[in-house]
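A.B. asks: One structure is given below, represented as C-alpha coordinates, and several questions about it will come after.
The values are calculated or read from the model by the stated rules, or taken from the named source; none is laboratory data. If you're wondering where the values come from, they're calculated on a predicted model, not measured in any experiment. Please note: Cβ atoms are built from the backbone with ideal geometry, for glycine as well, and neighbour counts cover all protein chains shown. Calculation scope for accessible area: heavy atoms of the full protein, side chains included, ligands and nucleic acids excluded. Shrake-Rupley method; radii C 1.70, N 1.55, O 1.52, S 1.80 Å.
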Amino acid sequence: MSDTIRLDGGTARIRLADALESQQERLLPCVHCGFCLPACPTYNRLGDEADSPRGRLHLMGAVVEGRLDPASDAFQTHIDRCLGCRACEPVCPSGVEYGVLLEAARETAIEARKPGLLTRALLAIMASRGLSAPFFFGGRILRATGLASLAVRILPAAGLLGSGRMAMAMLAATKGWTPPSRAGAGRAAIDRAAECETGRAAKESNSPEARRTVGLLLGCVQEGLYDRINRATARTLEANGYQVVKVRGQGCCGALHAHAGSLEGARSLARVNMDAFEAAGVDYVVANAAGCGAAMKDYDVLFEADSERADSAAAFSDRVRDVTELLADVGPRKGAEVAYRVAYDHPCHLLHAQGVEEPPLKVLRAVPGVDVRVVANADECCGGAGIYGLTHPDLGGRIGGDKVAAVRAEGAQAACTANPGCMMQIGAGLRIEGAPSDVVHPVEILDESYRRAGYYR
(Lines give C-alpha, C1' and ligand atoms only; values in the text may rest on other atoms or scores of the structure.)
Protein backbone atom coordinates (compact mmCIF):
# COMPACT_ATOMS: atom_id res chain seq x y z
CA MET A 1 0.00 0.00 0.00
CA SER A 2 1.27 3.45 -0.85
CA ASP A 3 2.23 5.89 1.89
CA THR A 4 -0.08 8.43 0.24
CA ILE A 5 -3.83 8.37 0.87
CA ARG A 6 -5.63 8.60 -2.45
CA LEU A 7 -8.67 10.85 -2.38
CA ASP A 8 -11.72 10.12 -4.49
CA GLY A 9 -12.43 13.42 -6.27
CA GLY A 10 -13.42 16.03 -3.72
CA THR A 11 -14.65 13.57 -1.12
CA ALA A 12 -13.47 13.58 2.47
CA ARG A 13 -10.38 11.65 3.51
CA ILE A 14 -10.82 8.07 4.51
CA ARG A 15 -12.26 7.51 7.97
CA LEU A 16 -8.93 6.32 9.36
CA ALA A 17 -7.76 9.92 9.73
CA ASP A 18 -10.84 11.06 11.65
CA ALA A 19 -9.31 10.67 15.12
CA LEU A 20 -6.35 12.88 14.22
CA GLU A 21 -8.44 15.34 12.20
CA SER A 22 -10.51 16.01 15.33
CA GLN A 23 -7.29 17.17 17.01
CA GLN A 24 -5.95 19.18 14.07
CA GLU A 25 -6.00 22.46 16.01
CA ARG A 26 -3.71 20.91 18.60
CA LEU A 27 -1.13 20.15 15.91
CA LEU A 28 -0.80 23.77 14.82
CA PRO A 29 1.25 25.20 17.77
CA CYS A 30 4.29 23.00 17.01
CA VAL A 31 6.99 25.14 15.37
CA HIS A 32 9.48 22.24 15.15
CA CYS A 33 11.96 24.12 17.36
CA GLY A 34 13.62 20.95 18.69
CA PHE A 35 13.41 21.71 22.42
CA CYS A 36 11.71 18.34 22.80
CA LEU A 37 14.58 16.33 21.33
CA PRO A 38 16.85 16.03 24.40
CA ALA A 39 13.82 15.24 26.58
CA CYS A 40 12.77 12.24 24.48
CA PRO A 41 14.07 8.81 25.62
CA THR A 42 13.53 7.11 22.27
CA TYR A 43 15.23 9.87 20.26
CA ASN A 44 18.17 9.90 22.69
CA ARG A 45 18.76 6.19 22.11
CA LEU A 46 17.85 5.77 18.46
CA GLY A 47 18.92 9.15 17.07
CA ASP A 48 16.11 9.01 14.53
CA GLU A 49 14.19 12.24 13.94
CA ALA A 50 11.05 10.20 13.30
CA ASP A 51 11.38 8.84 16.85
CA SER A 52 11.29 12.31 18.38
CA PRO A 53 8.16 14.24 19.40
CA ARG A 54 8.46 16.75 16.58
CA GLY A 55 9.09 13.94 14.10
CA ARG A 56 5.98 12.13 15.22
CA LEU A 57 3.97 15.35 15.07
CA HIS A 58 5.17 15.75 11.48
CA LEU A 59 3.89 12.24 10.70
CA MET A 60 0.55 13.04 12.33
CA GLY A 61 0.25 16.20 10.23
CA ALA A 62 1.02 14.23 7.09
CA VAL A 63 -1.84 11.83 7.85
CA VAL A 64 -4.27 14.68 8.48
CA GLU A 65 -3.23 16.38 5.23
CA GLY A 66 -3.64 13.16 3.26
CA ARG A 67 0.05 12.78 2.41
CA LEU A 68 0.66 9.66 4.47
CA ASP A 69 -1.32 6.45 4.85
CA PRO A 70 -1.94 5.63 8.54
CA ALA A 71 -1.39 1.95 7.67
CA SER A 72 2.13 2.71 6.42
CA ASP A 73 5.13 1.24 8.19
CA ALA A 74 6.48 4.73 8.83
CA PHE A 75 3.43 5.89 10.76
CA GLN A 76 2.82 2.60 12.55
CA THR A 77 6.42 2.05 13.66
CA HIS A 78 7.28 5.48 14.96
CA ILE A 79 3.96 6.14 16.69
CA ASP A 80 4.15 2.72 18.31
CA ARG A 81 7.69 3.28 19.58
CA CYS A 82 6.69 6.33 21.62
CA LEU A 83 6.65 5.68 25.37
CA GLY A 84 3.95 8.28 25.95
CA CYS A 85 6.00 9.61 28.87
CA ARG A 86 5.08 13.22 27.97
CA ALA A 87 8.51 14.54 28.97
CA CYS A 88 8.30 16.73 25.87
CA GLU A 89 5.33 18.71 27.22
CA PRO A 90 7.00 20.68 30.05
CA VAL A 91 9.90 21.75 27.79
CA CYS A 92 7.72 22.78 24.83
CA PRO A 93 7.63 26.60 24.50
CA SER A 94 4.52 26.37 22.31
CA GLY A 95 2.51 24.31 24.78
CA VAL A 96 1.82 21.41 22.41
CA GLU A 97 -0.54 18.89 24.05
CA TYR A 98 1.46 15.93 22.88
CA GLY A 99 -0.24 13.33 25.07
CA VAL A 100 -3.67 14.08 23.61
CA LEU A 101 -2.28 13.96 20.07
CA LEU A 102 -0.44 10.69 20.68
CA GLU A 103 -3.61 8.96 21.84
CA ALA A 104 -5.49 10.23 18.78
CA ALA A 105 -2.64 9.05 16.55
CA ARG A 106 -2.75 5.62 18.12
CA GLU A 107 -6.50 5.41 17.65
CA THR A 108 -5.90 6.21 13.99
CA ALA A 109 -3.10 3.62 13.85
CA ILE A 110 -5.11 0.75 15.34
CA GLU A 111 -8.03 1.49 13.01
CA ALA A 112 -5.60 1.04 10.13
CA ARG A 113 -3.92 -2.04 11.62
CA LYS A 114 -5.00 -4.11 14.59
CA PRO A 115 -2.54 -4.04 17.50
CA GLY A 116 -0.61 -7.14 18.50
CA LEU A 117 -2.16 -10.10 20.28
CA LEU A 118 -0.47 -9.30 23.61
CA THR A 119 -1.84 -5.75 23.61
CA ARG A 120 -5.35 -6.91 22.69
CA ALA A 121 -5.29 -9.62 25.36
CA LEU A 122 -4.12 -7.30 28.16
CA LEU A 123 -6.70 -4.63 27.27
CA ALA A 124 -9.46 -7.23 27.28
CA ILE A 125 -8.36 -8.52 30.69
CA MET A 126 -8.20 -5.06 32.27
CA ALA A 127 -11.63 -4.12 30.93
CA SER A 128 -13.39 -7.12 32.47
CA ARG A 129 -13.55 -7.98 36.16
CA GLY A 130 -14.52 -11.49 35.16
CA LEU A 131 -11.17 -11.83 33.39
CA SER A 132 -8.96 -9.64 35.57
CA ALA A 133 -9.86 -11.30 38.89
CA PRO A 134 -8.65 -14.80 37.91
CA PHE A 135 -5.71 -13.30 35.98
CA PHE A 136 -4.39 -11.49 39.04
CA PHE A 137 -5.28 -14.39 41.34
CA GLY A 138 -3.05 -16.59 39.20
CA GLY A 139 -0.34 -13.95 39.39
CA ARG A 140 -0.52 -13.89 43.19
CA ILE A 141 -0.20 -17.70 43.26
CA LEU A 142 2.93 -17.56 41.10
CA ARG A 143 4.33 -14.83 43.33
CA ALA A 144 3.52 -16.56 46.62
CA THR A 145 4.90 -19.96 45.58
CA GLY A 146 8.15 -18.45 44.35
CA LEU A 147 7.59 -19.75 40.82
CA ALA A 148 7.84 -16.23 39.40
CA SER A 149 11.24 -15.72 41.03
CA LEU A 150 12.36 -19.16 39.85
CA ALA A 151 11.39 -18.32 36.28
CA VAL A 152 13.56 -15.19 36.41
CA ARG A 153 16.56 -17.35 37.25
CA ILE A 154 16.05 -20.10 34.68
CA LEU A 155 14.46 -18.48 31.62
CA PRO A 156 16.74 -17.09 28.89
CA ALA A 157 17.06 -13.36 28.39
CA ALA A 158 16.32 -13.31 24.66
CA GLY A 159 13.49 -14.30 22.35
CA LEU A 160 9.92 -15.15 23.30
CA LEU A 161 11.03 -16.76 26.54
CA GLY A 162 12.92 -13.58 27.32
CA SER A 163 9.62 -11.68 27.26
CA GLY A 164 8.24 -14.30 29.63
CA ARG A 165 11.22 -13.80 31.90
CA MET A 166 10.54 -10.06 32.02
CA ALA A 167 6.88 -10.67 32.80
CA MET A 168 7.81 -13.02 35.66
CA ALA A 169 10.36 -10.51 36.96
CA MET A 170 7.71 -7.81 36.98
CA LEU A 171 5.35 -10.10 38.86
CA ALA A 172 8.02 -11.08 41.39
CA ALA A 173 8.76 -7.38 41.92
CA THR A 174 5.27 -6.81 43.32
CA LYS A 175 6.20 -8.65 46.51
CA GLY A 176 5.95 -6.43 49.58
CA TRP A 177 8.92 -4.74 51.19
CA THR A 178 10.31 -5.56 54.61
CA PRO A 179 10.67 -2.47 56.85
CA PRO A 180 14.21 -2.15 58.22
CA SER A 181 13.52 -2.95 61.87
CA ARG A 182 11.36 -5.91 60.97
CA ALA A 183 13.86 -7.96 58.98
CA GLY A 184 12.64 -11.54 58.89
CA ALA A 185 9.10 -10.64 59.97
CA GLY A 186 6.26 -11.73 57.75
CA ARG A 187 4.35 -9.22 55.67
CA ALA A 188 1.07 -10.49 57.12
CA ALA A 189 2.22 -9.73 60.67
CA ILE A 190 3.10 -6.18 59.71
CA ASP A 191 -0.25 -5.70 57.99
CA ARG A 192 -2.12 -7.01 61.03
CA ALA A 193 -0.24 -4.58 63.25
CA ALA A 194 -1.18 -1.74 60.91
CA GLU A 195 -4.94 -2.39 60.80
CA CYS A 196 -6.26 0.70 62.50
CA GLU A 197 -9.21 2.29 64.20
CA THR A 198 -9.24 5.03 61.63
CA GLY A 199 -11.79 7.17 63.41
CA ARG A 200 -9.47 7.73 66.39
CA ALA A 201 -6.54 8.58 64.13
CA ALA A 202 -8.66 11.07 62.23
CA LYS A 203 -9.93 12.78 65.39
CA GLU A 204 -6.34 13.34 66.49
CA SER A 205 -5.56 15.23 63.28
CA ASN A 206 -5.45 19.01 63.54
CA SER A 207 -5.65 19.35 59.76
CA PRO A 208 -7.72 22.24 58.36
CA GLU A 209 -8.98 19.72 55.79
CA ALA A 210 -10.30 17.42 58.53
CA ARG A 211 -13.05 15.07 57.40
CA ARG A 212 -13.03 16.05 53.75
CA THR A 213 -14.30 12.93 52.02
CA VAL A 214 -12.20 11.03 49.49
CA GLY A 215 -12.93 8.04 47.31
CA LEU A 216 -9.94 5.82 46.48
CA LEU A 217 -9.57 4.38 43.01
CA LEU A 218 -8.74 0.75 43.73
CA GLY A 219 -7.54 0.18 40.17
CA CYS A 220 -6.87 -3.06 38.33
CA VAL A 221 -3.15 -3.71 38.88
CA GLN A 222 -3.26 -1.99 42.30
CA GLU A 223 -6.15 -4.10 43.56
CA GLY A 224 -4.83 -7.26 41.92
CA LEU A 225 -1.16 -7.07 42.95
CA TYR A 226 -0.67 -4.04 45.21
CA ASP A 227 -3.62 -4.14 47.57
CA ARG A 228 -1.20 -3.38 50.41
CA ILE A 229 -0.60 0.05 48.86
CA ASN A 230 -4.36 0.66 48.67
CA ARG A 231 -4.65 -0.19 52.38
CA ALA A 232 -1.69 2.03 53.27
CA THR A 233 -3.22 4.84 51.23
CA ALA A 234 -6.49 4.64 53.11
CA ARG A 235 -4.77 4.48 56.51
CA THR A 236 -2.45 7.43 55.92
CA LEU A 237 -5.27 9.59 54.55
CA GLU A 238 -7.43 8.82 57.57
CA ALA A 239 -4.53 9.57 59.90
CA ASN A 240 -4.28 13.00 58.28
CA GLY A 241 -7.92 13.91 58.70
CA TYR A 242 -9.59 12.67 55.54
CA GLN A 243 -12.63 10.42 55.57
CA VAL A 244 -12.16 7.57 53.11
CA VAL A 245 -15.48 6.54 51.58
CA LYS A 246 -15.94 3.15 49.94
CA VAL A 247 -16.87 3.65 46.29
CA ARG A 248 -18.91 0.76 44.94
CA GLY A 249 -19.13 -0.11 41.27
CA GLN A 250 -15.78 1.39 40.23
CA GLY A 251 -13.38 -0.29 37.84
CA CYS A 252 -10.32 0.18 35.64
CA CYS A 253 -9.57 3.84 34.90
CA GLY A 254 -8.97 3.23 31.18
CA ALA A 255 -5.39 4.51 31.11
CA LEU A 256 -3.95 1.48 29.31
CA HIS A 257 -6.75 1.62 26.75
CA ALA A 258 -6.20 5.32 26.05
CA HIS A 259 -2.43 4.88 25.74
CA ALA A 260 -2.95 2.02 23.29
CA GLY A 261 -5.37 4.06 21.16
CA SER A 262 -8.57 2.33 22.25
CA LEU A 263 -10.24 5.63 23.13
CA GLU A 264 -13.78 4.28 22.98
CA GLY A 265 -12.75 1.51 25.34
CA ALA A 266 -11.28 4.14 27.66
CA ARG A 267 -14.50 6.17 27.51
CA SER A 268 -16.57 3.13 28.38
CA LEU A 269 -14.48 2.48 31.49
CA ALA A 270 -14.41 6.18 32.39
CA ARG A 271 -18.22 6.40 32.34
CA VAL A 272 -18.41 3.60 34.91
CA ASN A 273 -15.98 5.40 37.22
CA MET A 274 -17.57 8.82 36.85
CA ASP A 275 -20.96 7.37 37.73
CA ALA A 276 -19.58 5.42 40.69
CA PHE A 277 -17.67 8.31 42.26
CA GLU A 278 -20.52 10.73 41.59
CA ALA A 279 -22.90 8.40 43.44
CA ALA A 280 -20.46 8.29 46.37
CA GLY A 281 -20.55 12.10 46.62
CA VAL A 282 -16.89 12.49 47.58
CA ASP A 283 -14.94 15.75 47.68
CA TYR A 284 -11.87 14.22 46.04
CA VAL A 285 -11.11 11.24 43.84
CA VAL A 286 -7.72 9.93 44.96
CA ALA A 287 -5.26 7.79 43.01
CA ASN A 288 -2.06 6.16 44.23
CA ALA A 289 -0.97 5.22 40.69
CA ALA A 290 0.42 8.07 38.60
CA GLY A 291 -0.85 6.65 35.32
CA CYS A 292 -4.38 6.29 36.67
CA GLY A 293 -4.38 9.77 38.15
CA ALA A 294 -3.19 11.30 34.88
CA ALA A 295 -5.84 9.42 32.92
CA MET A 296 -8.64 10.57 35.23
CA LYS A 297 -7.39 14.16 35.21
CA ASP A 298 -7.74 13.94 31.42
CA TYR A 299 -11.33 12.68 31.40
CA ASP A 300 -12.30 16.23 30.45
CA VAL A 301 -10.33 15.89 27.21
CA LEU A 302 -11.60 12.37 26.63
CA PHE A 303 -15.19 13.65 26.66
CA GLU A 304 -14.70 17.15 25.28
CA ALA A 305 -16.72 16.32 22.15
CA ASP A 306 -19.52 14.64 24.10
CA SER A 307 -22.21 17.24 24.79
CA GLU A 308 -23.86 15.04 27.41
CA ARG A 309 -20.72 14.20 29.38
CA ALA A 310 -18.34 17.13 28.82
CA ASP A 311 -19.35 19.20 31.84
CA SER A 312 -19.54 16.28 34.27
CA ALA A 313 -16.20 14.93 33.01
CA ALA A 314 -14.55 18.31 33.56
CA ALA A 315 -15.98 18.48 37.08
CA PHE A 316 -14.76 14.97 37.79
CA SER A 317 -11.24 15.74 36.53
CA ASP A 318 -11.10 18.80 38.78
CA ARG A 319 -11.63 16.56 41.83
CA VAL A 320 -8.86 14.06 41.04
CA ARG A 321 -5.76 14.16 43.25
CA ASP A 322 -2.72 11.97 43.70
CA VAL A 323 -2.53 10.66 47.26
CA THR A 324 0.74 12.52 47.83
CA GLU A 325 -0.94 15.81 46.84
CA LEU A 326 -3.59 15.36 49.52
CA LEU A 327 -1.08 14.32 52.16
CA ALA A 328 1.25 17.20 51.35
CA ASP A 329 -1.64 19.67 51.44
CA VAL A 330 -2.28 18.91 55.11
CA GLY A 331 1.24 18.23 56.37
CA PRO A 332 1.53 15.32 56.47
CA ARG A 333 1.69 14.72 60.20
CA LYS A 334 4.98 13.27 61.36
CA GLY A 335 5.33 9.75 62.66
CA ALA A 336 8.07 7.69 64.25
CA GLU A 337 11.55 7.17 62.89
CA VAL A 338 12.16 4.77 60.03
CA ALA A 339 15.90 4.56 59.36
CA TYR A 340 15.83 3.89 55.64
CA ARG A 341 17.72 5.08 52.57
CA VAL A 342 15.67 5.23 49.37
CA ALA A 343 16.49 6.10 45.76
CA TYR A 344 13.47 8.07 44.55
CA ASP A 345 12.46 8.18 40.88
CA HIS A 346 9.74 10.46 39.49
CA PRO A 347 6.94 8.64 37.64
CA CYS A 348 6.46 10.29 34.24
CA HIS A 349 2.70 10.55 34.57
CA LEU A 350 3.05 12.24 37.94
CA LEU A 351 5.89 14.62 37.05
CA HIS A 352 5.18 15.44 33.40
CA ALA A 353 1.49 14.72 32.90
CA GLN A 354 0.22 15.99 36.27
CA GLY A 355 2.97 18.46 37.13
CA VAL A 356 3.35 16.92 40.61
CA GLU A 357 6.99 16.98 41.72
CA GLU A 358 7.38 18.00 45.37
CA PRO A 359 4.45 16.26 47.14
CA PRO A 360 5.94 12.72 47.03
CA LEU A 361 9.24 14.07 48.34
CA LYS A 362 7.43 16.03 51.04
CA VAL A 363 5.68 12.83 52.14
CA LEU A 364 8.97 10.95 52.35
CA ARG A 365 10.74 13.78 54.16
CA ALA A 366 7.98 13.87 56.75
CA VAL A 367 9.27 10.51 58.02
CA PRO A 368 12.11 10.97 60.52
CA GLY A 369 15.15 8.93 59.61
CA VAL A 370 14.42 8.53 55.90
CA ASP A 371 17.32 9.48 53.64
CA VAL A 372 15.82 10.44 50.27
CA ARG A 373 18.14 10.41 47.27
CA VAL A 374 16.58 11.48 43.97
CA VAL A 375 18.23 9.41 41.24
CA ALA A 376 20.14 10.95 38.34
CA ASN A 377 17.88 11.73 35.37
CA ALA A 378 14.83 11.11 37.54
CA ASP A 379 12.74 12.97 34.97
CA GLU A 380 13.38 10.29 32.33
CA CYS A 381 11.05 7.34 31.82
CA CYS A 382 11.93 3.96 33.35
CA GLY A 383 10.82 2.15 30.17
CA GLY A 384 7.72 0.63 31.74
CA ALA A 385 5.15 3.01 30.25
CA GLY A 386 2.08 0.88 30.88
CA ILE A 387 2.72 -2.34 28.96
CA TYR A 388 5.64 -0.94 26.91
CA GLY A 389 8.18 -2.96 28.86
CA LEU A 390 6.45 -6.13 27.66
CA THR A 391 5.56 -5.11 24.11
CA HIS A 392 8.94 -3.48 23.41
CA PRO A 393 11.38 -5.61 25.39
CA ASP A 394 14.50 -4.45 23.51
CA LEU A 395 14.03 -0.67 23.59
CA GLY A 396 12.12 -0.75 26.87
CA GLY A 397 14.89 -2.89 28.29
CA ARG A 398 17.58 -0.42 27.21
CA ILE A 399 15.76 2.47 28.80
CA GLY A 400 14.97 0.41 31.88
CA GLY A 401 18.59 -0.69 32.19
CA ASP A 402 19.71 2.92 32.38
CA LYS A 403 17.15 3.59 35.10
CA VAL A 404 18.25 0.56 37.11
CA ALA A 405 21.86 1.74 36.87
CA ALA A 406 20.84 5.16 38.19
CA VAL A 407 18.99 3.55 41.10
CA ARG A 408 21.90 1.29 41.98
CA ALA A 409 24.33 4.21 41.85
CA GLU A 410 22.61 5.76 44.87
CA GLY A 411 23.51 2.82 47.10
CA ALA A 412 20.04 2.85 48.65
CA GLN A 413 18.26 0.09 50.51
CA ALA A 414 15.27 0.35 48.19
CA ALA A 415 14.00 2.08 45.11
CA CYS A 416 10.99 4.31 45.69
CA THR A 417 8.44 5.63 43.21
CA ALA A 418 4.76 6.60 43.27
CA ASN A 419 3.41 4.39 40.50
CA PRO A 420 2.89 0.60 40.49
CA GLY A 421 3.88 0.27 36.83
CA CYS A 422 7.23 1.94 37.53
CA MET A 423 7.65 -0.19 40.63
CA MET A 424 7.24 -3.32 38.50
CA GLN A 425 9.60 -2.14 35.75
CA ILE A 426 12.38 -0.99 38.08
CA GLY A 427 11.90 -3.95 40.41
CA ALA A 428 12.09 -6.38 37.48
CA GLY A 429 15.32 -4.81 36.26
CA LEU A 430 16.87 -5.06 39.71
CA ARG A 431 15.87 -8.71 40.04
CA ILE A 432 17.21 -9.62 36.62
CA GLU A 433 20.55 -8.04 37.57
CA GLY A 434 20.55 -9.87 40.91
CA ALA A 435 20.60 -6.60 42.85
CA PRO A 436 18.74 -5.77 46.09
CA SER A 437 15.23 -5.46 44.73
CA ASP A 438 12.89 -3.85 47.26
CA VAL A 439 10.74 -1.19 45.59
CA VAL A 440 8.37 0.82 47.76
CA HIS A 441 5.64 3.44 47.34
CA PRO A 442 6.04 6.63 49.44
CA VAL A 443 2.79 5.98 51.33
CA GLU A 444 4.11 2.61 52.47
CA ILE A 445 7.01 4.25 54.29
CA LEU A 446 4.70 6.87 55.83
CA ASP A 447 2.33 4.08 56.85
CA GLU A 448 5.13 2.20 58.59
CA SER A 449 6.13 5.40 60.40
CA TYR A 450 2.56 5.86 61.65
CA ARG A 451 2.36 2.24 62.77
CA ARG A 452 5.51 2.70 64.86
CA ALA A 453 4.13 5.93 66.30
CA GLY A 454 1.04 4.09 67.52
CA TYR A 455 -1.42 6.09 65.44
CA TYR A 456 -3.23 2.91 64.44
CA ARG A 457 -3.75 1.27 67.80
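A.B. asks: Please state which one of 268, 312 is touching a residue at least 40 places away in the same chain (Cβ under 8 Å), among the hydroxyl-bearing types (Ser, Thr, Tyr) and assigned to a helix (DSSP H, G or I).
C.D. replies: The match here is 268.
A.B. asks: Of (1) acidic (Asp, Glu); (2) modelled with pLDDT of 95 or more; (3) open to solvent by 30 Å² or more (accessible area, probe 1.4 Å), residue 65 satisfies all except one. Which?
C.D. replies: For residue 65, the exception is condition (2).
A.B. asks: Okay, next question. Evaluate the following for residue 90: is it modelled with pLDDT of 95 or more and either under 25 Å from residue 381 (Cβ atoms) or among the small types (Gly, Ala, Ser) (or both)?
C.D. replies: Considered against the rule, which asks whether it is modelled with pLDDT of 95 or more and either under 25 Å from residue 381 (Cβ atoms) or among the small types (Gly, Ala, Ser) (or both), residue 90 comes out as yes.
A.B. asks: Kindly establish whether residue 163 is open to solvent by less than 40 Å² (accessible area, probe 1.4 Å), touching a helix residue (DSSP H, G or I) at 6+ places or on another chain (Cβ under 7 Å), under 25 Å from residue 231 (Cβ atoms) and not charged (D, E, K, R).
C.D. replies: In short, no.
A.B. asks: Do any helices (runs of 4 or more DSSP H) entirely within the stretch 339-457 hold 1 or more residues that are among the β-branched types (Val, Ile, Thr), open to solvent by less than 30 Å² (accessible area, probe 1.4 Å) and closer than 27 Å to residue 254 by Cβ, and if so, which? Give the derivation first.
C.D. replies: Details: elements: 348-351, 358-365, 388-391, 393-409, 420-432, 442-453.
By residue number, 358-365, 393-409, 420-432, 442-453.
A.B. asks: Something else about it: Return the total of residues in the stretch 132-143 being out of contact with any Lys or Arg (no Cβ under 9 Å at 6 or more places or on another chain) and either of a type outside the set (Phe, Trp, Tyr) or part of a loop (DSSP other than H, G, I, E, B) (or both).
C.D. replies: Number of matching residues: 8.
A.B. asks: Is it true that residue 307 is part of a loop (DSSP other than H, G, I, E, B) and either at pLDDT below 95 or open to solvent by 10 Å² or more (accessible area, probe 1.4 Å) (or both)?
C.D. replies: Working: part of a loop (DSSP other than H, G, I, E, B): yes; either at pLDDT below 95 or open to solvent by 10 Å² or more (accessible area, probe 1.4 Å) (or both): yes.
Against the criterion (part of a loop (DSSP other than H, G, I, E, B) and either at pLDDT below 95 or open to solvent by 10 Å² or more (accessible area, probe 1.4 Å) (or both)), residue 307 qualifies.
A.B. asks: Within the stretch 72-123, count every residue that is within 18 Å of the chain's Cα centre (by Cα) and of a type in the set (A, V, I, L, M).
C.D. replies: So the answer is 6.
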